[in-house]
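Structure, as structure tokens:
The values are calculated or read from the model by the stated rules, or taken from the named source; none is laboratory data. Treat the numbers as computed from the prediction; the structure is a model and nothing was measured. Cβ placement follows ideal geometry from the backbone for every residue including glycine, while neighbour counts extend to all protein chains displayed. Ligands, DNA and RNA are stripped out before the accessible areas are found, and what is left, the full protein with its side chains, is counted by its heavy atoms. Shrake-Rupley method; radii C 1.70, N 1.55, O 1.52, S 1.80 Å.
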Amino acid sequence: VELRWRHKDGRVVWTELRVVPIYDESAKLVAVEGVARDITERKRAEEELRAGRQRLLDIIEFLPDATFVIDEAKRIIAWNQGMEELTGVRKEDIIGRGDYAYSVTLYGEPRPVLIDLINAGDEIIAKRYQNFSRKGNVIYGEVFIPTYGGGKGAYFRGLASPLFDREGKLVGAIESIHDITERKRAEHALLVVNRQLLDIIEFLPDATFVLDRDRKVIAWNKAIEEITGVRKEAVIGKGDYAYAVPFHGKKKPILIDYIFGDEGEDEKQYK
């Protein structure tokens, strides 16, 4: 039995009381032995731990990204408002559950997700997640979930990290998830537009090439191949005035570089 009482000096004291009955040879109760132990420090540490956990849960609850936490047995111990909105599952219905219940809300089936792969090898994670990276104990990755949104599918970027206690013992893990579907669709649309632009450039009748912002060749059409004798495979991706060599025999600023502000010593050659 644990008893809480207040000392005459105002201190709160916790005592653990153990009572042991003592019987004689005929099994008759003849005495009761009581042992009292001061457990105030232990109770204070437990209260501090509970308070710390509550502060952590309060912070997690109001994080802008959908976030959940699992303990060392992979049971859900935190499920914030963002996760409720993302999955449609209320915290009251999932807190305490294990067996990959958190993945069922997204994939429709129990399966390991990013939070479960924290200690896995990078090659294993990279096979399941795009643009995977690791910074210290935190891992990042992007994934497309085709079953999300009633089969519409969505792209998500997640980050996961292990959680340790004061002694460095693993006590759980945390994962945050951000919907990046719109960004990924915009990137895909941009790739399509760029591809179409490159296709148009390829079949222009005039010799044409294109540089990116770093002045590396990103397009070198068929007409310029015929004029220079340089195939696109040999020049695409190259910078440092490599595109000038087929015309001038050396690396130097040419007309296209004046767009970037270069002023070559023989700029007067252009009229």
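Values computed for the structure shown
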quantity: Nearest-10 value in Å² for the accessible area of PHE132, using the 1.4 Å probe; calculated: 40 Å²
quantity: Subset of LYS43/LYS169; LYS74/LYS169; LYS216/LYS251 violating a 19 Å alpha-carbon distance limit; calculated: LYS43/LYS169
quantity: Acute angle (nearest 10 degrees) that the helix 181-202 long axis makes with the longest principal axis of the chain, alpha-carbon atoms; calculated: 10 degrees
quantity: Cα-based shape type of segment 95-225, given that a ≥ b ≥ c are square roots of the gyration tensor eigenvalues and the cut on a/c is 1.5; calculated: prolate
quantity: Among (i) 28.9; (ii) 17.7; (iii) 19.3, the entry that matches mean projected area of the Cα convex hull in nm² as calculated here; calculated: (i)
quantity: Label-point separation, LYS250 to VAL20 (7 Å along Cα→Cβ), nm; calculated: 10.0 nm
quantity: Accessible surface, the chain, averaged per residue in Å² (probe 1.4 Å); calculated: 67 Å²
quantity: Rel. contact order, % - alpha carbon contacts under 8 angstrom, at least six apart, the chain; calculated: 8 percent
quantity: Whole-number Å³ per residue for the convex hull built on Cα positions in segment 162-236; calculated: 157 Å³
quantity: Residues whose placed amide H lies under 5 Å from that of PHE132, excluding near-sequence neighbours; calculated: GLU142
quantity: Among PHE203, ALA126, THR147 - extreme Cα towards positive end, dipole of the chain, charges at beta-carbon; calculated: ALA126
quantity: Net lengthening on full extension, ILE227/ALA242 (0.36 nm per residue, minus Cα-Cα); calculated: 3.8 nm
quantity: Charge dipole (debye, nearest 20) of segment 102-161; +1 at Cβ of Lys and Arg, -1 at Cβ of Asp and Glu; calculated: 120 debye
quantity: Potential lengthening between ALA207 and PHE144 on full extension [0.36 nm per residue; Cα-Cα distance subtracted]; calculated: 18.6 nm
quantity: Estimated dipole of segment 176-217 in Debye, rounded to 20 [Cβ of Lys and Arg +1, of Asp and Glu -1, Cα centre]; calculated: 140 debye
